[in-house]
1. Among the listed residues Ala218, Ala213, which satisfies the condition of being under 21 Å from Asn179 (Cβ atoms), modelled with pLDDT of 95 or more, within 15 Å of ligand 2 (Cβ to nearest atom) and open to solvent by 20 Å² or more (accessible area, probe 1.4 Å)?
2. Condition first: out of contact with any helix residue (DSSP H, G or I) (no Cβ under 8 Å at 6 or more places or on another chain), farther than 14 Å from Leu134 by Cα and within 16 Å of ligand 2 (Cβ to nearest atom). Now tell me which residues in segment 173-210 satisfy that.
3. For Phe317, work out the one condition from (1) without any contact (Cβ under 8 Å) to a residue 24 or more places away in the chain; (2) farther than 28 Å from Phe248 by Cβ; (3) hydrophobic (A, V, I, L, M, F, W, C) it doesn't fulfil.
4. I'm checking my understanding of the structure. Among residues of segment 64-104 that are over 20 Å from Glu158 (Cβ atoms) and of a type in the set (Asp, Glu), which one is nearest to ligand 2 (Cβ to nearest atom)?
5. Scan segment 171-198 for residues that are assigned to a loop (DSSP other than H, G, I, E, B) and farther than 22 Å from Leu118 by Cα and report the count.
6. With the requirement that a residue be in contact with a Gly (Cβ under 8 Å, 6 or more places away or on another chain) and small (Gly, Ala, Ser), what does segment 142-164 give you?
7. Out of Ala88, Ala46, Ala84, Ala54, report the one residue that is more than 29 Å from Thr103 (Cα to Cα) and either in contact with a Gly (Cβ under 9 Å, 6 or more places away or on another chain) or at pLDDT 95 or above (or both).
8. Go through (1) under 19 Å from Cys282 (Cβ atoms); (2) in contact with a Phe, Trp or Tyr (Cβ under 7 Å, 6 or more places away or on another chain) and name the single condition Glu80 misses.
Amino acid sequence: MAKHTYKFCFGPWNISEGQDPYGPPVRPPQTFDWKLAQLKKLGFDAMMFHDDDAVPDIDSKSETQIRKEAKDLRKRLDGEGIAAEMVAPRLWFAPQTVDGAYTSNDPKCRRYAIDRSLRSIDIANILGTDILVLWLAREGSYIRESKNARHCLERLVEAFDKMLAHDKKIRLAIEPKPNEPMDHAYLPTIGHALAIAQLTRDSTRVGCLIESAHAILAGLDPADEIDFAMAFGKLWSLHLNDQNGLKFDQDKPFGSNNLRVAFNQVRALERNGYGQSGEYVCFDVHPFRTTKTAHWLKHLDNSRRTFLSLVEKARTFDEQKAQQLIADRNYQDLDQMVIEHLMGT
Ligand code: GLO
Ligand code: MG
């Protein structure tokens with residue numbers, strides 16, 4: 001098994017203030033500069049960007065202004081030695097995205113979503129990343145009869161094709177999530193993301209991003225999703241976190257809920273050589289709402305600590321002994337062996 005070191009990142013939204021549908025923020029908002037400084041202090045390598053994290057109020061700005069601000073940001077990032085891991089169009093805030101973005105029933109809104117995505121690609125170019133992440137937040141329905149799912153898939157393909165044509169190098173990493181905010185999303189799993197790639201003008205540039213919590217919400221094991229995506233060479237980014245069952249998207253620290261599921265994700269990453277083509281390990285985690293300002297960055301540092309401990313656990317797992325137990329179909333002892341390995345006994 002090739003040994004290598006991992007590179008880590010998170011996004012400015014992962015230093016969140018604690019607002020939820022039932023209550024206001026509980027930590028004071030901080031500037032982007034402060035968040036960038038914390039990322040550097042924590043020793044992370046890169047930052048993820050929504051288009052409007054990179055260029056605030058993007059909808060009110062001209063293409064020239066957007067490019068100028070992106071260039072200024074690039075200079076700052078270079079100065080700090082921080083890379084941009086990806087750019088993602090935030091297609092779920094604007095009034096034009098109320099009924100979906102690429103799959104809205106209103107053609108004007110679909111046009112807005114595509115235009116904004118093309119601007120995001122321009123920003124990605126300037127920031128020096130070839131990855132556009134597409135979390136398709138509102139591409140689904142609350143009411144099944146409100147949209148024609150077949151047309152919606154065609155509209156998704158049309159939008160992806162426009163992005164692929166806009167820039168010959170850009171790669172689209174689809175981040176599937178089965179629900180929330182929608183009742184049902186059109187691309188709920190990695191299988192759906194990789195299947196729709198086949199309908200686009202360049203399937204080699206349409207891949208995916210796995211988020212642990214999203215796989216769990218789909219009732220799947222994130223480790224199997226990792227193996228599946230990597231069998232296609234299509235896992236271009238990763239949002240590690242944790243999730244306690246079928247609830248709202250919790251974005252808990254990595255390993256917080258189920259250490260064994262986390263261990264198996266790390267094993268899958270190790271056996272497939274994730275990171276060896278420059279991919280980053282991103283933590284899409286949020287502080288618990290109860291978190292005091294003084295402990296505001298713990299979830300990020302702790303997720304990385306857990307990840308690195310689990311890399312050690314994966315590398316020191318007695319594969320030979322495991323193989324013997326497997327050959328003997330003694331899965332009972334294999335199960336116990338994993339438990340004791342994780343407990344350090
Ligand atoms: C929400 C998603 C979200 C995306 C991010 C990047 O459930 O995980 O955090 O990862 O907006 O597009
Ligand atoms: Mg995510």
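1. Numbers: Ala213 fails: open to solvent by 20 Å² or more (accessible area, probe 1.4 Å).
Result of the check over Ala218, Ala213: Ala218.
2. Those that are out of contact with any helix residue (DSSP H, G or I) (no Cβ under 8 Å at 6 or more places or on another chain), farther than 14 Å from Leu134 by Cα and within 16 Å of ligand 2 (Cβ to nearest atom): Pro181, Met182.
3. Exception for Phe317: condition (1).
4. In this case the residue turns out to be Glu85.
5. Keep residues of segment 171-198 that are assigned to a loop (DSSP other than H, G, I, E, B), which gives 176-183, 186-189, 198.
Restricting the remaining residues to those that are farther than 22 Å from Leu118 by Cα gives 177-183, 188-189.
Summing the residues that are assigned to a loop (DSSP other than H, G, I, E, B) and farther than 22 Å from Leu118 by Cα in segment 171-198 gives 9.
6. Keep residues of segment 142-164 that are in contact with a Gly (Cβ under 8 Å, 6 or more places away or on another chain), which gives 147, 152.
Across segment 142-164, there are no qualifying residues.
7. Numbers: Ala88 fails: more than 29 Å from Thr103 (Cα to Cα); Ala84 fails: more than 29 Å from Thr103 (Cα to Cα); Ala54 fails: more than 29 Å from Thr103 (Cα to Cα).
Exactly one of Ala88, Ala46, Ala84, Ala54 is more than 29 Å from Thr103 (Cα to Cα) and either in contact with a Gly (Cβ under 9 Å, 6 or more places away or on another chain) or at pLDDT 95 or above (or both), namely Ala46.
8. (2)
The values are calculated or read from the model by the stated rules, or taken from the named source; none is laboratory data. Predicted model only: the values in this text are computed from it and were never measured. A quick note on method: Cβ atoms are made from the backbone with ideal geometry, for glycine too, and the neighbour counts reach across all protein chains shown. To get the accessible areas, we keep the full protein, side chains included, count just its heavy atoms, and leave off ligands, DNA and RNA. Shrake-Rupley method; radii C 1.70, N 1.55, O 1.52, S 1.80 Å.
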